[in-house]
Amino acid sequence: PYSSAANGVAEHKHGVTFDRVRTIIHDSGLPPFLCNYGCAYIVYTDNLLPASRTGFMIPAEIWHQKRVDVSHLRPFGAIAWGTVVDGTPGKLDLRGYLGRMVGYKERGTYLL
């Protein structure tokens, strides 16, 4: 009962998740070694979409018991600017850097 072959629902979900990871990695043009960030991105955004198994409620809203704001969502690999927070930049030093968004964390995003 604990073999992966006996759990077709979970194996199907893993297959669908990794199909989506391959798609966003290819679509963004980013290197394949970022697949772990892509997988975390897919799972995070999947929890912000209504699901039929929950009566078309959003899983994150069920978990947190409050309305979830999705205005921060961006496409995987989107061009973004990051702020330099370590050290004190000089008057003419750059205060930001150009990057590509590769995932979310609790208080922001991961930039490559």
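Points to keep in mind about this one:
- Within segment 58-83, considering residues that are aliphatic (A, V, I, L, M) and modelled with pLDDT under 85, the one surrounded by the fewest Cβ atoms within 10 Å (Cβ to Cβ): Val70
- Selected residue [in contact with a helix residue (DSSP H, G or I) (Cβ under 8 Å, 6 or more places away or on another chain), loosely packed, with under 13 Cβ neighbours inside 10 Å and hydrophobic (A, V, I, L, M, F, W, C)] from Ala10, Ala51: Ala10
- Of the residues examined, Val16 is one that is out of contact with any strand residue (DSSP E or B) (no Cβ under 9 Å at 6 or more places or on another chain), part of a helix (DSSP H, G or I), at pLDDT 85 or above and open to solvent by 30 Å² or more (accessible area, probe 1.4 Å).
- Scanning segment 101-111 for residues that are of a type outside the set (Gly, Ala, Ser), assigned to a strand (DSSP E or B), free of Cβ contacts under 8 Å to residues at least 12 places away in the same chain and more than 12 Å from Ala40 (Cβ to Cβ) yields a count of 0.
- The lone exception for Lys105 - which of (1) within 30 Å of His26 (Cβ to Cβ); (2) surrounded by 11 or more Cβ atoms within 10 Å (Cβ to Cβ) it fails: (2)
- Look at (1) assigned to a loop (DSSP other than H, G, I, E, B); (2) exposed (fewer than 15 other Cβ atoms within 10 Å of the Cβ) and you find that Leu98 fails only one, number (1).
The values are calculated or read from the model by the stated rules, or taken from the named source; none is laboratory data. Predicted model only: the values in this text are computed from it and were never measured. When we count neighbours, we look across all protein chains shown, and the Cβ atoms used for this are built from the backbone with ideal geometry, even at glycine. The protein model used for the area step is the full one, side chains on, heavy atoms only, and it has no ligands, DNA or RNA in it. Shrake-Rupley method; radii C 1.70, N 1.55, O 1.52, S 1.80 Å.
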